[in-house]
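Q: Sharing a structure here in structure tokens format.
Here, each number is a calculation from the coordinates, and none is a lab measurement. Remember, it's a predicted structure, so these values are computed and weren't measured experimentally. Cβ: placed from backbone, ideal geometry, glycine included. Neighbour counts: every protein chain shown.
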Amino acid sequence: MSNSPGLVDAPSFSGCFHCGLPVPDGTHYPIQFEGQTRQTCCRGCQAVAQTIIDSGQGAYYTHRTALPATPREAEAELAQLGLYDLPEIQESFVRVEAENIREAALILENIVCAACIWLNERHIAGLPGVLSVEINYATRRARVRWDNSRIQLSAILKAVSDIGYIAHPFDPGRSDDVFKRERNTAIKRLAIAGLGMMQVMMYALPTYTATDMTDEIRLLMRWASLILTIPVVGYSAWPFFIGAWRDLKRRNLGMDVPVALGVGTAFVASVYSTLSGHGEVYYDSVTMFIFLLLTGRFLEMNARRRAGAAVEELVKLIPAATTRLPNWPARDEEQVPVARLAVGDHILVRPGETLPADGVVVEGDSAVSEAMLTGESLPVTKSVHAKVVGGSLNQASPLVVRVEKLGAETRLASIVRLLDRAQSEKPRIGQLADRAAAWFVGLLLLITVAVGLAWYLIDPSKALWIVVSILVVTCPCALGLATPAALTTATGRLTRLGLLTTRGHALETLARATDLVFDKTGTLTHGRLSVRRVIPLGGRSAEEVSALAAALEAGSEHPIAKALRQDRPEGEHPEGHKRLAAYPSRVLREVTTPANTASHIRNTPGRGVEGTIDGRTYRLGSPRFAAPHTALPQSTGGEYPGNGHEHPENGHESWVALADETELIAWFALADTPRADAAAALAALRHQGLRLHLLSGDAEGAVKATAQQLGIDDWHAGALPEDKLAYVKSLQQQGRIVAMVGDGINDAPVLAGAQVSIAMGEGADVAQAAADMVMLGSRLATLSESVALARKTQRIIRQNLGWALGYNLIAIPAAALGHVTPWIAGIGMSASSLLVVLNALRLSDFKPARTPAVPTLDSPLPTHR
Amino acid sequence: MDILILLIPLSLVLVGVIAWVMLWAAKSGQFDDLEGPGHSVIMDDDKPPKSDDTPRS
């Protein structure tokens, strides 16, 4: 193994040798690395690590600086990659160079550090038939050239998935071409300005210092400077002039006006004195100023792009092409561009593919990750009749989906629209800053004229550069950027956390909120029955009896049946969650497809179900039905949980018994359970100083139970929507600022009454939810993270405004008194607006503070992208 | 000092050449990835992958 100590200090990772997740007890997937036996957590990791080490690239493990994603077993099903070899599919993304030489652009997923790039490059380059491969670290795009007579594209994609990454082809023409062009232009302008500045300075310095320079040489240097400055002003500074002209045409005093005036005045004055042969020249100041400004703008452009990346990533989720089944249920496939799909078409979505549109599953069972849309990291189980959302990623097995909504009507598109609206709507503080900036520019021009006149009377030779300095040094940019930069970054970050902002004022109000009012059903609880507890009897494990119950209820649509079929018991088996997170697809499949199948299923309505599994008869239902011959174990050490069936609505659990021919083997407690992370999330919110209230239309018992369980003191049961609204109003009259969290549709009036409203977007149509913010997932922890982020945003906006004002208050008088030369002014202005943007960018790295002690259902999966 | 009469125009030509090189570099994508190449230098390639067999899967 190649070993290079000291070059890169690779951090050591504990846990699984490949992915770093904890290795579950009792698993044994060893791997040999540099003469040592290391443990991996699953077969997937073992296979990937083996491939990497066997192909001589074990150095990856010594160089990497971040952990890769856990390879999902579902990727084995990427075997259908062969489709990518068909010429008609390759048409859209493969460039044919010579007879057999092909080139394609690939998007690589799961890239987390530079070592990943190295690993992929070497691995792909080592394939026979691959001519060249280049991977761009910044964009995670790869460009591969290969000889089609020796290797097929599918083999290359397969090789990438062997080492735990995902590669899929994309059409490079369609992606961020615009940004690339813009960036390229900016670099060119910057290069010209930089070169011009350096060379003009070379000519300027001797004229300042030399004592014995002849007039001819001086004139020659002036002319040379003029020649160099022309492209800098005419090409590099062009955007400033265009911007200023646009502003003036709209009778608006924007940021570019003083800049253009400053540059223009200095340049024209210099040209005049060069031609006429007397007076000062300012070419050095002009070029340096332009260069510094452009540098500032360039950095700012990159920063802004990072800030807006969240929205763009959403748009890019939709793939370019998809597989249509034109004669479904017949299996003939055709590849079509997504743009040519129509509502009602049937499409085939393979594991690893992204859904191109909203629709309904008509065939297949799978786990679908909606992480990009909801922030929810665990995949969601989808079977026939389930609704799926465009942009989510199919992870386990193929799905046939009937397209219901396309393009602008999809949930993804409405999310993007709402985000755009929120980002274009400026909150009060932003509007204020904008108006202030316009006034500021006007005032600035007046001051400049006055100061210019005054200096003309005192010392005419200094008047011009002082005027230029004032125009340049003042920075309305910082004032104008302070709010939008912070807001754009914060809304982007919030969306990635799973809270969609739909109104501009929402962030500001959320930061000031003092009271948080919750609805119960569907907000703090799941709004449907689920298994709360499993009590296995007679030495069986909870998994075993759950599997039996799931098998018996496999065909039923009864809510209790659904609960038994779908849910793992919560709370009782925390290690179950850990494993669920570690191998999402496998465990989910285990849950959805019961290990055993039941035959001779007989349903007795209202009582229960009976069936045969492995030759034994089992009964599941009310205790009397399930075990009629057994004396009910009233006194087994408090094990007997309740008095038979009770309605879950009254706050108690409803009990279901499972029995075989002779004895009772398990109890299941069903209830509308609080969400797994509710207690932890509420504790965190309380910790942030918010007062929590619970309002519910449910009966007192249930509400009280939930409130006590979650530690909410103010709760009100049996509340009608009017009562809820009145409650919110009374809070507001006490001067409290109320944030209401509800399910969006039933609670619409209450949501509208609160200062800021948050709707649970789960299931509901995002666009119709009458709320200022929509929770895209069901992670309640998002709330406290969002409050923290909103407060931080508010802090950053204030810092930015304070800085912008303070800077200008100091800079203008200094420039007016003649203490600032134009080039210092250029640095000052660029630095001040850059500082504002960088300060705002801190929000995008915002890491929610974890509240310790209370365990949450968070996945330990490394999140990539 | 007379040499300056030659040197100054010469420097102008030099700046022109450098500018042309910069524009070419921008156009041909030299600035597209400013991060990756820096990392790839550190990775040692002293064990070139065998190109005669497909890696095991």
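Q: By how many nm would the segment from A:Glu34 to A:Val343 lengthen if fully extended, with 0.36 nm per residue of separation less the alpha-carbon distance?
A: 105.6 nm
Q: Turning to a different aspect of this structure: What FRET efficiency would be calculated for the residue pair A:Arg624, A:Ala699, taking the C-beta separation as r and a Förster radius of 25 Å, to the nearest 0.05?
A: 0.45
Q: Still on this structure, please answer the following. Please compute the modelled spin-label separation between A:Glu363 and A:Arg95, points set 7 Å along Cα→Cβ, answer in nm with one decimal.
A: 3.9
Q: Can you compute the modelled spin-label distance between A:Ala66 and A:Leu432, with each label point 7 Å from Cα toward Cβ, in nm?
A: 3.8
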